[in-house]
Amino acid sequence: MERKSIDEEKRRKPSGAAVMRTDLTHALVRAFFEDWAVYGYGGISLERVATRAGAGKAAIYRRWPSKLAMASEAIEELGLKLTDVSARGSLIEELEGYLLMMRRALRHRLVRRILPDIYAEAARKSELVVALKRLAEARRAAGSAIIERAIARGELNANVDIEMALDMIPSALYWRMIVTNCSMTRAQIQRQATALNAAMKFL
């Protein structure tokens, strides 16, 4: 059977049994993450992913033309979990919200195992480099929005070192939860937000 690209799939007007099932798409993405967590990106087997999801390999190629396309979409989905930060009333509240959002993501067993491999792939400059660059840009854009709102409220100087601030915000949390594999309580999140709030005024 000829493999169809994503664009071809969108142009086609499926009907009846030909309509792609959303639940199967979600199952395939979950299975992809499961396989990634166990074998690393380089060891992912699309045949194994399909089997995990209870589907045939053709179900993958009806949705994604390649492993890279599937990984790119999965990384984009992960990025949404790491960049969803709403505006609040103050810098310290937004820092706390950002850190709590990160903690939720980093608590997920698959995210905890996949993120280190993602950064390893970035260091190796693998085929994922474009998707990983978009993930980093989205995360830093969310952080920049927090800083820009703080500047507008007069909480930070207009000449604050934004790049250094963006490096500081997630670092301690990532180190504690991913590198040392420790938990992070709500009280610790609040203390970290307080410390960041104070430190950023000197950047």
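FYI, it's all coordinate maths here, none of it is from the lab. Since we're looking at a predicted model, the values are computed, not measured. Cβ: placed from backbone, ideal geometry, glycine included. Neighbour counts: every protein chain shown.
Summary table below
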item	result
Cβ-derived FRET efficiency at R0 35 Å, residue 124 paired with residue 23, nearest 0.05	0.55
Ranked by how many other beta carbons lie within 10 Å on average, peptides 152-159, 110-117, 140-147, 51-58 from highest	140-147, 110-117, 51-58, 152-159
Point-to-point label distance, residue 86-residue 195, nm (Cα→Cβ direction, 7 Å offset)	2.9 nm
On Cα atoms only, tilt of 129-152 relative to the major axis of the chain in degrees	30 degrees
Three-way shape call for the range 107-203 based on the alpha-carbon gyration tensor, with the a/c threshold at 1.5	oblate
